[in-house]
Amino acid sequence: MKFGIAYLTMACILAANNEVAAFSPQYTATRTAHGKIHAPFAPTQYRTTPSSRVYMSSEASSTDEDDEIARLRAMAQKLRAEAASLEAEQAEERANVARIAFEKFDDNSDGKISLEELKSGLEASLKTEISQERVQKLMDKFDVSGDGYLQLEEMVSVDQFRNQLEAFSREEKRLAREAILEAQKEEEEAKVAEARLNILNEKEPTQNDKFLSILPYLFPLFDSIQFGRYFFIDNAENPFLAIIGLAYAAYRSIPFSGFVAFIALNTLSNNPGLNKLIRFNMQQAIFLDIALFFPGLLGALVVGAGSSAGVQFPDAVLQGSSTAIFGVLVLTVVYAAISSLLGIKPDKIPIISEAVESRMPTIDSFDDQGRYIPRNQRQQRDEKQDDDKN
């Protein structure tokens, strides 16, 4: 009976708390031959189930992590407190040093340090002469209020002034080096430009250059005489026109004179050694001669169309239009000649002068070795330089 009561009591305890069973002693109960339950109170071993072991492990791990976090927080709080204390001590020390320096620099004890007091105080402390410019930079640096004086709360230690002066010195040396490099670069560019100028004659024209520059206009002038034949016939007794007529006859007596003149002017205009005014007038004379082709072509088409339509143009109209073309060309040549003799580039002829200007070589048309760079290659080079800058 005693054993039965003990057994029932044990069962109730185990049913009430299964977790306690995981750590409770294990009992062995057997039934005797008389039907009684034999449960000796004899623990054999302590035993845990898998679920209880996982629970124990996670609980222990969580407890350890919490303890570690708490320990690290405590250490961090302690370090912050120590850092704050150290910073406060250093701030107090800097304030004391600044106060001592302020009292030393403030000669008239007016509670503020002027530019002169700052200069004399630093020179006495650093045992060196300091320029007025650098002292002014120091004042601008530390004068937070901008009143031109250093107040006590704006004052720093002599070491800080020294460090700032050294920073000014380093900056000045850096700027000096940059200025030297920039000067050297400009000098090299000037030498290159001078070398290019020696290759390409961009100088002011001399008197000989001015005279030679008007000769190319004889080429379009002679070719325009065909349009002025009626004018020459009507004024055959004019000695000036007679001289021009003789020169034109001599010009025409040369085989392929027009073609030879065109090749000669085109070749010489590409000679960079000739003065720019001469080269410009050679190119413009070629363009003027080419321009004469279009009025002749247009007149022939108009007359041909009129003949096909049965329209007969009066001789006065044909002669007048032809003489007008000659007159325009003569006025253009006179303008170009007068401008050239005055040393002024005749670049006011509509369309033609602009086209000529675009063909004229410039200093940028040559590389550093004096070699000519074709127009398309110059454009590619400029585009590449723009891309590199971007």
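For every residue, the table says whether it meets (1) touching a strand residue (DSSP E or B) at 6+ places or on another chain (Cβ under 7 Å); (2) part of a helix (DSSP H, G or I).
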position: ALA84; (1), (2): no, yes
position: GLY111; (1), (2): no, no
position: LEU118; (1), (2): yes, yes
position: LEU122; (1), (2): no, yes
position: ASP147; (1), (2): no, no
Within the bounds of the stretch 184-194, is there any residue that is in a helix (DSSP H, G or I) and in contact with a strand residue (DSSP E or B) (Cβ under 9 Å, 6 or more places away or on another chain)?
no
Pairs returned, first residue in the stretch 176-204 that is of a type in the set (Gly, Ala, Ser), second residue that is in a helix (DSSP H, G or I) and modelled with pLDDT under 85, beta-carbon separation under 8 angstrom, 6 or more apart or interchain, are ALA193/ILE363
Can you say whether SER109 is of a type outside the set (A, V, I, L, M, F, W, C) and either at pLDDT 90 or above or surrounded by 11 or more Cβ atoms within 10 Å (Cβ to Cβ) (or both), as far as the supplied structure shows?
no
Is at least one residue of the stretch 312-331 small (Gly, Ala, Ser), under 26 Å from ASP209 (Cα atoms) and touching a helix residue (DSSP H, G or I) at 6+ places or on another chain (Cβ under 8 Å)?
no
Considering every residue within the stretch 336-351, establish whether at least one is at pLDDT 80 or above, surrounded by 14 or more Cβ atoms within 10 Å (Cβ to Cβ) and either outside the structural domain of PHE259 (by TED's automatic domain parsing) or of a type in the set (Ser, Thr, Tyr) (or both).
yes
Single unsatisfied condition, VAL97 versus (1) loosely packed, with under 13 Cβ neighbours inside 10 Å; (2) outside any loop (DSSP other than H, G, I, E, B); (3) among the β-branched types (Val, Ile, Thr):
(1)
Segments classed as helices (runs of 4 or more DSSP H), wholly inside the stretch 229-317, with at least 1 members that are surrounded by 12 or more Cβ atoms within 10 Å (Cβ to Cβ) and under 52 Å from the mean Cα position of the chain (by Cα):
257-268, 276-291, 293-308
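The values are calculated or read from the model by the stated rules, or taken from the named source; none is laboratory data. Nothing here was measured: the structure is a model prediction, and the numbers come from that model. Cβ sites come from the backbone with ideal geometry, for glycine too, and all protein chains shown count toward neighbours.
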